[in-house]
Amino acid sequence: MREEEFERYLVSDSMIASKDKAVRSRLSKARKIEVEFRVNLDEIVREDERMYETLKRIKREFTDSNGSIQNALRKYYIFVNKTKFPSLNQYEKIHAR
């Protein structure tokens, strides 16, 4: 993960109201994904299928009732790819799952 760049991106995001706490929380959750899954976030967001599988895995393996861990990964996807990743349901419809 390009942590310093990602942090600057999050700080500049007008959709994040509580800059300090929200940014630290997203960075912490992003690091958690890398540590638990032993993978760099850049590898995940490079391929949509891998992104989809990782989001499903987060849903299965983490206690992520409010979606905050998935949200951290989705924010990183936007940071790298300059576009949003579709919801899991939308992705499944697009790819006939």
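The values are calculated or read from the model by the stated rules, or taken from the named source; none is laboratory data. Being a predicted model, the structure only gives us computed values, none of them experimental. With ideal geometry, Cβ positions are generated from the backbone for all residues, glycine too; neighbour counts draw on all protein chains shown. Just so you know, the surface numbers come from the protein's heavy atoms only, side chains and all, with ligands and any DNA or RNA stripped out. Shrake-Rupley method; radii C 1.70, N 1.55, O 1.52, S 1.80 Å.
Things to note:
- Accessible surface calculations at 1.4 Å, restricted to protein heavy atoms, place the chain at 64 Å² per residue.
- Between Asp48 and Lys32, the modelled label-to-label distance comes to 2.8 nm, taking each label 7 Å out from Cα in the direction of the beta carbon.
- Cα-based reach from Lys82 at 19 Å (exclusive), listing aspartates and glutamates while leaving out same-chain residues under 8 positions away: Glu3, Glu4, Glu5, Glu7, Asp13, Asp42, Glu43, Glu47, Asp48, Glu49
- Estimated D of the chain in µm² per second, where Rh is the Kirkwood radius over Cα pairs and Stokes-Einstein applies at 25 °C, 0.890 mPa s: 179 µm²/s
- Across Val23, Val11, Val80, the residue with the most accessible area heads the list, and the full order at a 1.4 Å probe is Val11, Val80, Val23.
- Among the trypsin sites (Lys or Arg not before Pro) found in the range 23-58, those both in a DSSP coil and sparsely packed, with 13 or fewer other Cβ atoms within 10 Å of their Cβ, are Arg38.
- Among the GluC sites (Glu not before Pro) in the range 3-97, those located in a DSSP loop and surrounded by at most 11 other Cβ atoms within 10 Å of their own Cβ are Glu47.
- Solvent-accessible area assigned to carbon and sulfur over the chain amounts to 45 percent, based on a 1.4 Å probe.
- Using all pairs of distinct alpha-carbon atoms, the Kirkwood hydrodynamic radius of the range 52-97 works out to 11.2 angstrom.
- Inter-label distance for Glu61 and Val11, nm, one decimal - labels placed 7 Å from Cα along Cα-to-Cβ: 3.2 nm
- Average Cα contact separation per residue, the range 3-96, under 8 Å, 6 or more apart, as relative contact order %: 26 percent
- Segment Glu3-Ser68, length gained on full extension (0.36 nm per residue, minus Cα span): 21.6 nm
- Net charge contributed by nearby residues that have their C-beta within less than 14 Å of Leu10 (K/R +1, D/E -1): +4
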